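In what follows, a single structure is set out as structure tokens and then discussed.
Just so it is clear, none of the values below were taken in a lab; they were calculated from the coordinates. Because the structure is a prediction, the values reported are computed rather than measured. Cβ placement follows ideal geometry from the backbone for every residue including glycine, while neighbour counts extend to all protein chains displayed.
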């Protein structure tokens with residue numbers, strides 16, 4: 001276990017309130033919904049402990065987790081998703097007090113599983129519990145989007161949205177809408193022993209797209225959302241095709257093509273990169289089908305030279321939850 005204390009940080013106030021919250025991992029984009037759609041999964045989560053203190057400002061006291069990658073997470077609240085989100089909350093509400101934050105990372109970093117977003121959302125949910133008048137979940141959304149900027153240098157809600165509400169959300173800059181999720185939908189998420197930074201993965205998307213590609217993307221998105229609304233597996237299947245990000249990002253993830261092929265060969269409704277990658281997700285019409293496909297997807301990564309971990313989860317995943325709060 002690796003811990004990072006904040007050098008020179010102020011001692012916590014002896015007169016404080018403290019809350020702890022968790023937020024789950026997620027699948028950003030869901031292939032066809034670039035920067036708009038996402039869903040959460042069971043099995044992985046980040047934890048944030050937040051203290052309300054008299055001193056103004058937001059401080060990150062520690063970031064803990066397994067692996068050397070944790071050392072790359074900045075303690076500067078202006079460059080940390082949790083710190084930036086809670087600082088936006090303080091500013092937005094005009095609070096006179098400050099907050100201290102400790103993060104325990106359970107989601108791999110640079111995995112395309114929304115780890116940065118989970119820390120951000122867990123910290124917001126914990127800080128919100130310490131307010132005299134806590135906000136509704138939807139009201140936390142603008143602050144969560146602001147926090148995401150620290151990780152990707154862009155503002156989008158496809159990860160933080162579903163973490164706040166659970167399940168699948170449609171997340172724009174101004175709206176956060178839960179979408180219906182058929183209870184038979186399950187997913188496999190496979191994370192290879194690779195790291196792909198979000199900013200690098202976004203770089204390959206900068207060149208413009210032909211109008212014909214944009215039209216195809218719009219058609220797929222419309223079919224996909226309609227399929228969810230109707231619980232129609234064939235509409236979901238026809239819509240779950242990413243013609244924007246996946247063709248440009250696939251080369252950044254060695255083994256992606258064979259892993260996707262393994263998923264489709266085992267009856268997947270569709271498969272693509274989870275978030276920015278390198279994790280790969282696939283949707284299935286039952287849990288049994290998902291559990292049968294997971295080993296084949298891992299074997300495909302192994303044959304490409306990478307060990308991996310896999311999780312099977314309902315697509316209607318959990319939301320961030322308050323674990324404890326004390327005065």
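Can you sort 206, 105 from fewest to most other Cβ atoms within 10 Å of each residue's own Cβ? It would help to have the intermediate numbers written out before the result.
On the way: 206 7, 105 24.
Neighbour counts put them in this order, fewest first: 206, 105.
May I ask you to sort 261, 39, 266 by Cβ crowding, counting other Cβ atoms within 10 Å and putting the fewest first? The partial results should precede the final answer.
On the way: 261 15, 39 30, 266 19.
With the fewest neighbours first, 261, 39, 266 line up as 261, 266, 39.
DSSP beta bridges in the stretch 2-177, what fraction antiparallel, as a percent rounded to 5?
Numbers: 27 of 33 bridges.
Approximately 80 percent, going by the DSSP bridge assignments.
For the stretch 2-177, what does the relative contact order come out to in percent, with C-alpha contacts under 8 Å and a separation of six or more?
29
Quick check: pseudo-label points 7 Å beyond the Cα along Cα→Cβ at residue 91 and residue 54, how many nm apart are they?
2.7
Working out 0.36 nm times the residue gap between residue 257 and residue 66, then minus their Cα-Cα distance, what length gain in nm do you get to one decimal?
Details: separation 191, 0.36 × 191 = 68.76 nm, distance 2.93 nm.
Gain on extension, residue 257 to residue 66, equals 65.8 nm.
So what's the back-of-envelope 222 nm ellipticity for the chain, counting only DSSP H runs of four-plus at -39500 (n - 2.57) apiece and dividing by all residues, rounded to 500? Each step should come with its number before you reach the end.
Values: 10 runs with 115 residues, N = 327.
Calculated from helices alone, the mean residue ellipticity at 222 nm is -11000 deg cm²/dmol.
For the chain, what is the percent of antiparallel DSSP beta bridges, rounded to the nearest 5?
Taking every DSSP beta bridge with both residues in the chain, the antiparallel ones total about 90 percent.
Based only on other Cβ atoms within 10 Å, what is the fewest-to-most ordering of 229, 238?
In increasing order of surrounding Cβ atoms, one gets 229, 238.
What number, in percent, do you get for the relative contact order of the stretch 180-314 if the mean sequence gap of Cα pairs under 8 Å and at least 6 apart is divided by its residue count? If you can, show how the numbers build up before the last one.
Details: 236 pairs, mean separation 52.7, N = 135.
In percent, rounded to a whole number, it is 39.
Highest mean first, what order results for 197-204, 286-293, 249-256 on Cβ atoms within 10 Å?
Answer by packing, highest mean first, reads 249-256, 286-293, 197-204.
Using the alpha-carbon atoms, what tilt in degrees (0 to 90, nearest 10) does helix 81-93 show relative to the longest principal axis of the chain?
60
Normalising by the residue count of the chain, find the relative contact order in percent from Cα pairs under 8 Å and 6+ residues apart.
Dividing the mean separation by the residue count of the chain yields 25 percent.
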